[in-house]
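**Q** Okay, here's the structure, questions in a sec.
The values are calculated or read from the model by the stated rules, or taken from the named source; none is laboratory data. What you see is a predicted model, and the numbers here were worked out from it, not measured in a lab. Cβ coordinates were reconstructed from backbone atoms using ideal geometry, including for glycine residues, and neighbour counts include every protein chain displayed.
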């Protein structure tokens with residue numbers, strides 16, 4: 001079964017947070033909702049959880065309408081799990097008690113006896129590596145351990161849909177990478193359906209089967225990580241995912257022309273860029289050459305060392321500002337004029 005969102009709108013007084021959102025989340029998919037703060041992704045998650053009633057449109061989970069403008073099925077009457085940004089662990093409960101709680105109180109629990117519930121809770125805690133700490137309280141756990149408990153509590157009842165609201169935002173960089181691998185591993189092993197809300201493109205690209213990019217309450221593009229990264233549908237997606245350069249120029253018969261006549265073919269560039277006379281290109285899709293070897297030239301404003309590569313900011317003679325990733329073994333000089341070639 002799947003979760004289907006149809007023509008969903010959400011308005012708060014005079015502010016429209018969601019605008020005609022349509023999305024299908026298929027069984028077993030890992031879907032990331034990606035976008036900046038205020039784009040509507042958390043509002044969408046709260047509607048799926050049952051915390052809000054939509055202004056119009058509807059949400060169906062496993063073929064049952066759980067929300068429309070007239071009624072909302074309460075969160076405890078939906079077969080969903082949730083992992084919060086702040087973990088939301090009860091301070092007076094042990095790790096074991098946290099995970100037992102949904103088994104003992106959910107109408108969807110398949111584990112009816114105390115012994116079945118205990119075995120299931122221990123199996124899930126073992127899956128997330130927390131079984132040896134089952135008697136500890138939240139105050140005795142690290143941030144990563146708390147997150148593992150929150151995930152175990154979310155998946156223990158095998159929900160039709162697991163909602164994750166920026167669950168890694170409170171963790172340090174190294175622990176984030178570890179937990180990304182852990183969540184991806186759990187998804188492969190349990191095969192559940194996950195909706196993962198994030199503003200971090202690295203999380204979305206590295207974990208999801210499908211990414212939904214949102215801005216100002218609307219879906220901008222839906223696709224696989226490869227499609228979103230390599231073939232953005234519009235300038236917003238190009239800038240937000242992968243930080244593409246949006247080079248200004250002109251299009252003539254499928255050829256993009258910039259500078260004093262530097263030309264490159266269209267390739268898989270979407271029509272929206274052509275309409276705005278823009279060419280999207282990642283920083284590593286450009287190379288720096290001698291000024292005389294290109295008709296697209298300018299001066300280096302800034303060089304930022306990033307280990308294997310330097311991020312170079314160039315102010316082009318035609319008014320464009322361009323970022324280029326260049327091998328840090330090659331020396332370039334700030335203030336000097338160079339040309340740029342398209343890869």
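**Q** Which numbered condition in (1) without any contact (Cβ under 8 Å) to a residue 40 or more places away in the chain; (2) in contact with a helix residue (DSSP H, G or I) (Cβ under 7 Å, 6 or more places away or on another chain); (3) farther than 21 Å from residue 205 by Cβ is the only one that residue 328 fails?
**A** Of the numbered conditions (1) without any contact (Cβ under 8 Å) to a residue 40 or more places away in the chain; (2) in contact with a helix residue (DSSP H, G or I) (Cβ under 7 Å, 6 or more places away or on another chain); (3) farther than 21 Å from residue 205 by Cβ, the odd one out for residue 328 is (2).
**Q** Can you find a residue that is out of contact with any helix residue (DSSP H, G or I) (no Cβ under 8 Å at 6 or more places or on another chain), part of a strand (DSSP E or B), buried (at least 17 other Cβ atoms within 10 Å of the Cβ) and touching a residue at least 12 places away in the same chain (Cβ under 8 Å) anywhere in the range 86-106?
**A** no
**Q** When you scan the range 207-304 for strands (runs of 3 or more DSSP E) that lie fully inside it, which ones turn up with 1 or more residues that are under 30 Å from residue 189 (Cα atoms) and outside the structural domain of residue 329 (by TED's automatic domain parsing)?
**A** 210-215, 218-223
**Q** Okay, next question. Of all residues in the range 266-283, which are surrounded by fewer than 14 Cβ atoms within 10 Å (Cβ to Cβ) and within 17 Å of residue 245 (Cβ to Cβ)?
**A** Residues satisfying the conditions are 267, 268, 276.
**Q** Checking residue 306 against (1) under 16 Å from residue 259 (Cα atoms); (2) under 27 Å from the mean Cα position of the chain (by Cα); (3) exposed (fewer than 14 other Cβ atoms within 10 Å of the Cβ), which test does it fail?
**A** In the conditions (1) under 16 Å from residue 259 (Cα atoms); (2) under 27 Å from the mean Cα position of the chain (by Cα); (3) exposed (fewer than 14 other Cβ atoms within 10 Å of the Cβ), residue 306 misses (1) alone.
**Q** When you look at residue 129, is it assigned by TED's automatic domain parsing to the domain that holds residue 195 and in a loop (DSSP other than H, G, I, E, B), yes or no?
**A** Spelling it out, residue 129 is indeed assigned by TED's automatic domain parsing to the domain that holds residue 195 and in a loop (DSSP other than H, G, I, E, B).
**Q** Report, ordered by the first and then the second residue, all pairs with beta carbons closer than 9 Å, sequence separation of six or more or different chains, a first member in the range 163-177 that is free of Cβ contacts under 8 Å to residues at least 40 places away in the same chain, and a second member that is buried (at least 19 other Cβ atoms within 10 Å of the Cβ) and in a loop (DSSP other than H, G, I, E, B).
**A** Going by the 9 Å Cβ cut-off, the qualifying pairs are 175/168; 176/168.
**Q** Which one of the conditions (1) outside any helix (DSSP H, G or I); (2) touching a helix residue (DSSP H, G or I) at 6+ places or on another chain (Cβ under 6 Å); (3) buried (at least 18 other Cβ atoms within 10 Å of the Cβ) does residue 136 fail to meet, given that it meets all the rest?
**A** Exception for residue 136: condition (3).
**Q** Could I ask something else about it? Answer yes if at least one residue in the range 291-302 is touching a residue at least 40 places away in the same chain (Cβ under 8 Å), under 18 Å from residue 235 (Cα atoms), surrounded by 15 or more Cβ atoms within 10 Å (Cβ to Cβ) and in contact with a strand residue (DSSP E or B) (Cβ under 8 Å, 6 or more places away or on another chain), and no otherwise.
**A** No - not one qualifying residue is present in the range 291-302.
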